[in-house]
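K.L.:
Below is one structure. I have some questions about it.
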Amino acid sequence: MLRVEKIQKVFNNKSFSTEVLNDISLSISKGCWLSIVGPSGSGKSTLLNITSGLLKPDSGKVFFNDRNVYELNDQERSNLRRKHIGFVFQDFKLLPYYSVLDNVILPLYYDEEKNKLYERAKELLQVVGIRESLFFRLPEGLSGGEKQRVAIARALIANPEVLICDEPTGNLDWENRNQIIKLFSSLKEQGKTIVLVTHDTNMADCGDEVYQLLNGKIALIEAAV
Ligand code: ADP
Ligand code: ADP
């Protein structure tokens with residue numbers, strides 16, 4: 001369902017260039033949970049951004065359901081990102097002047113009837129463990145873990161086929177982290193495809209396949225049984 005082929009990415013600075021990804025290929029089947037581990041700076045976020053249509057690689061291709069993501073026009077790619085791929089950013093990217101509820105419905109703000117969206121947003125917030133008293137707060141009034149869960153709810157609002165997460169448990173304590181792992185497992189049971197980057201090797205191991213990104217290369221370190 002999701003395929004990246006021979007991805008290369010180099011960042012050019014004034015005085016030097018960094019080759020971050022060198023000939024990366026991955027294939028992710030529907031309903032599969034794929035984890036990527038690797039040290040800080042190894043290119044994990046870059047790979048996720050490329051995979052989700054946010055960052056064009058220097059060379060190589062990304063296919064979503066056999067459609068070449070970087071050959072879509074801007075409108076089509078934006079649609080793909082809003083409706084078919086849920087993305088949880090490492091720094092959440094919640095909009096500061098919108099309430100929790102409005103942040104969650106944001107991807108579909110102009111597409112669907114508001115009341116329906118709010119109903120769904122409330123359900124999702126409950127699923128990720130955000131209590132009702134926080135629904136009308138601005139993000140600045142949330143703890144790190146709460147922001148993270150709101151970001152996960154937002155990623156799920158369009159009922160996307162794929163959920164792509166950059167360090168989804170980075171800010172959570174043990175109990176909240178376990179809840180998120182349970183949530184991801186149940187999303188997977190429902191047929192969602194999950195791609196996540198994590199420092200948490202125990203969480204990575206909950207996936208079907210675990211890859212390691214190191215020195216621009218990717219290697220399978222644990223395969224589905
Ligand atoms: P990770 O997510 O594994 O920590 P990143 O993908 O964020 O790694 O970054 C990989 C490398 O690419 C780092 O050395 C980082 O400094 C560099 N990098 C990331 N984004 C940019 C950018 N926009 N411009 C220049 N260098 C970048
Ligand atoms: P944690 O230890 O989980 O990071 P915090 O100490 O940041 O939690 O916050 C604890 C509680 O206080 C949370 O429920 C959060 O919603 C609330 N809170 C945090 N910051 C603010 C703020 N600036 N305004 C109002 N409430 C806040």
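The values are calculated or read from the model by the stated rules, or taken from the named source; none is laboratory data. Fair warning: this is a prediction, and the values are worked out from it, not measured in the lab. Here Cβ is always computed from backbone atoms with ideal geometry, including for glycine, and neighbour counts include all displayed protein chains. Quick note on the areas: whole protein, heavy atoms, side chains included, nothing else; ligands and nucleic acids left out. Shrake-Rupley method; radii C 1.70, N 1.55, O 1.52, S 1.80 Å.
K.L.:
For region 34-109, which trypsin sites (Lys or Arg not before Pro) pass both filters: DSSP loop (anything but H, G, I, E, B) and at most 15 other C-beta atoms within 10 Å?
P.N.:
Working: sites: K44, K61, R67, R77, R81, R82, K83, K93; in loops: K93.
Within region 34-109, the qualifying trypsin sites (Lys or Arg not before Pro) (loop, at most 15 other Cβ atoms within 10 Å) are K93.
K.L.:
If you take the C-alpha gyration tensor of the chain, multiply each eigenvalue by 5 and take the square root, what semi-axes do you get, largest first, in whole Å?
P.N.:
28, 20, 17
K.L.:
If you roll a 1.4 angstrom probe over the protein chains with everything in place, what fraction of the accessible area of the chain belongs to carbon and sulfur, to the nearest %? Provide the component values of the computation, followed by the final result.
P.N.:
Working: 5240 of 11230 Å².
About 47 percent, which is the carbon plus sulfur part of the accessible surface.
K.L.:
Another question, if that's okay. Helix 74-83 versus the longest principal axis of the chain: what is the Cα-based angle in degrees, 0 to 90, to the nearest 10?
P.N.:
The two axes meet at around 60 degrees.
K.L.:
Here is a follow-up. Using DSSP to define loop residues, name the chymotrypsin sites (Phe, Trp or Tyr not before Pro) in region 157-225 whose beta-carbon has at most 15 other beta-carbon atoms within 10 Å. Provide the component values of the computation, followed by the final result.
P.N.:
Values: sites: W174, F184, Y211; in loops: none.
Here no chymotrypsin sites (Phe, Trp or Tyr not before Pro) fit, given the DSSP loop and packing criteria.
K.L.:
Helix 144-156: angle to the longest alpha-carbon principal axis of the chain, degrees 0 to 90, nearest 10?
P.N.:
80 degrees
K.L.:
Right, something else. Projected area of region 156-225, taken from the Cα convex hull and averaged over every viewing direction, in nm²? Provide the component values of the computation, followed by the final result.
P.N.:
On the way: hull surface 21.7 nm².
Result: 5.4 nm².
K.L.:
I'd like to know which of V197, V104, V150 lies farthest towards the positive end of the charge dipole of the chain, counting +1 on Cβ of Lys and Arg and -1 on Cβ of Asp and Glu.
P.N.:
Most positive-ward Cα: V104.
K.L.:
Please quote Rg/Rh for region 32-111 to two decimal places, taking the Kirkwood radius as Rh and restricting both calculations to Cα atoms. Don't skip to the answer; put the middle values down first.
P.N.:
On the way: Rg = 14.3 Å, Rh = 14.5 Å.
Dividing the radius of gyration by the Kirkwood radius yields 0.99.
K.L.:
Net charge near Q8: determine it from the other residues with C-beta under 12 Å of the C-beta of Q8, scoring Lys and Arg +1 and Asp and Glu -1.
P.N.:
Numbers: positive: K6, K9, K56, K61, K217; negative: E5, E19, D23, D58.
With Lys, Arg at +1 and Asp, Glu at -1, the net is +1.
K.L.:
For region 1-56, take the alpha-carbon Rg, divide it by the Kirkwood Rh, and send me Rg/Rh. Please list the in-between numbers first.
P.N.:
Working: Rg = 12.4 Å, Rh = 12.4 Å.
On the Cα set of region 1-56, Rg over Rh gives 1.00.
K.L.:
From the phi of every residue in region 92-103, what ³J(HN,Hα) in whole Hz does the Karplus formula 6.51 cos²θ - 1.76 cosθ + 1.60 yield, where θ is phi - 60° and glycine or proline is x?
P.N.:
Result, ordered by residue: 6, 6, 7, 7, x, 9, 10, 5, 3, 4, 5, 4 Hz.
K.L.:
Also, I was wondering about something else. Ordering K6, K147 by how much accessible area each has at a 1.4 Å probe, largest first, what is the list?
P.N.:
Numbers: K6 130, K147 60 Å².
Greatest to least solvent exposure: K6, K147.
K.L.:
Based on alpha-carbon centroids, what's the gap between region 73-145 and region 188-202 in Å, whole number please?
P.N.:
Using only Cα atoms, the two centres lie 20 Å from each other.
K.L.:
Starting from region 37-142, pick out the chymotrypsin sites (Phe, Trp or Tyr not before Pro) whose DSSP state is loop and whose Cβ has at most 10 other Cβ atoms within 10 Å.
P.N.:
Details: sites: F63, F64, Y70, F87, F89, F92, Y97, Y98, Y109, Y110, Y118, F135, F136; in loops: F89, F92, Y97, Y98, Y109, Y110, F135, F136.
Here the sparse-neighbourhood loop sites are Y97, Y110.
K.L.:
Check L55: other-chain or 5+ apart residues with amide H under 5 Å from its amide H, H built from backbone geometry?
P.N.:
I50
K.L.:
Here's a follow-up. Using the Karplus curve 6.51 cos²θ - 1.76 cosθ + 1.60 with θ = phi - 60°, work out ³J(HN,Hα) for each residue of region 157-171 in order, rounded to whole Hz, and write x for Gly and Pro.
P.N.:
Calculated HN-Hα couplings, in order: 4, 8, 6, x, 6, 10, 10, 10, 10, 9, 6, x, 10, x, 10 Hz.
K.L.:
In square nanometres, what is one fourth of the surface area of the convex hull spanned by the alpha carbons of region 70-192?
P.N.:
Details: hull surface 30.8 nm².
Averaging across all directions leaves 7.7 nm² for the Cα convex hull.
K.L.:
Relative to the longest principal axis of the chain, what angle (0 to 90°, nearest 10) does the C-alpha long axis of helix 114-127 take?
P.N.:
Roughly 70 degrees, rounded to the nearest 10.
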